[in-house]
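Remarks on the structure that follows.
No value in this document is a laboratory result; all are computed from the given coordinates. A quick note: this is a predicted structure, and the numbers were derived from the prediction, not measured. Backbone-built Cβ (ideal geometry, glycine too); neighbour counts: all protein chains shown.
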Amino acid sequence: MSRVHSKEEYPYVTVKLNVNGKDYEASVRPYERLIDVLRYKLGLTSVKEGCGRGECGACVVIMDGKLVPSCLVLAVRANNKRIITLEGLAPEGKIHAIQKAFLDTLSVQCGFCFPGVILAVKWLLDKNPNPSDEEIKEILGGHLCRCGSYLRFIKAVKLAVKYLQEGKVYFDIKELRSVSSAR
Ligand code: FES
Ligand code: FES
């Protein structure tokens with residue numbers, strides 16, 4: 001008769017991850033989730049846990065070019081993958097055009113959903129630099145936001161498209177001041 005193993009009986013394995021352009025090695029148990037490795041072992045706290053079951057979009061990251069909910073990915077399945085989190089969208093001291101557009105349109109309230117939404121929009125615009133309203137709505141539909149406005153999100157995506165078409169990919173962090181003066 002088989003017996004139930006306690007979690008501690010599963011041996012650690014080493015996974016190699018390239019996150020935001022940096023190489024990492026982490027010791028993980030086979031049942032550990034990617035979200036926990038990113039948040040608690042690598043300190044990338046932009047990755048948020050909402051539902052924990054692939055429904056809210058708060059935890060999404062871009063893994064080898066795919067948008068994936070990190071709460072549903074075992075860390076061992078991310079071995080040797082390239083991962084992008086919100087922290088990797090812009091160099092130190094800068095914000096990405098998509099972030100700037102969301103701030104300019106005053107789209108964000110508490111901001112909990114924000115990292116997942118921004119990464120999803122980045123993924124969309126990488127594939128399709130000028131999406132239709134329907135395509136924007138479809139990508140936003142995978143993200144639950146309890147306190148912001150989806151209409152503003154759509155405006156923000158369109159503003160991001162404009163910035164990127166103008167070649168404005170990054171903005172200096174001091175540009176944030178223009179947001180407070182616009183309120
Ligand atoms: S926490 Fe992963 S989809 Fe909600
Ligand atoms: S801004 Fe609060 S959940 Fe989206």
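Between the residues 69, 105, 167, the greatest Cα displacement towards the positive end of the dipole of the chain, with unit charges on the Cβ of Lys, Arg, Asp and Glu, is found for 105.
In this simple spin-label approximation, residue 80 and residue 3 carry label points 7 Å from Cα along the Cα→Cβ vector, and these lie 3.6 nm apart.
Please give the length that would be gained between residue 150 and residue 137 if that part of the chain were fully extended, namely 0.36 nm times their separation in residues minus their C-alpha to C-alpha distance (nm, one decimal). Spell out each step's value before the answer.
Numbers: separation 13, 0.36 × 13 = 4.68 nm, distance 0.85 nm.
Between residue 150 and residue 137, full extension yields 3.8 nm more.
With θ taken as phi - 60° and the Karplus curve 6.51 cos²θ - 1.76 cosθ + 1.60 applied, the whole-hertz 3J(HN,Hα) list for the range 99-107 is 4, 4, 5, 5, 5, 4, 8, 6, 7 Hz, x standing for glycine and proline.
Relative to the Cα centre, the charge distribution of the chain, modelled as +1 at Lys and Arg Cβ and -1 at Asp and Glu Cβ, gives a dipole magnitude of about 180 debye.
Taking 21 Å as the straight-line reach from the Cα of residue 66, the lysines in range (excluding those fewer than 8 positions away in the same chain) are 16, 22, 48, 81, 122, 127, 137. Around the amide H of residue 19, modelled in the peptide plane, lie the amide H atoms of 24, 83, all under 5 Å away and 5 or more residues distant in sequence or on another chain.
Overall form of the range 7-88: oblate. Here a/c, set by the Cα gyration tensor axes a ≥ b ≥ c, is 1.5 or more, and a/b is not larger than b/c. Within straight-line reach of residue 41, meaning a Cα separation under 18 Å, sit the following aspartates and glutamates at least 8 residues removed in sequence or on another chain: 8, 23, 25, 32, 49, 87. Histogrammed with a bin width of 10 Å, the alpha carbon distances of the chain distribute as 9, 35, 33, 15, 5, 2, 0 percent, first bin at zero.
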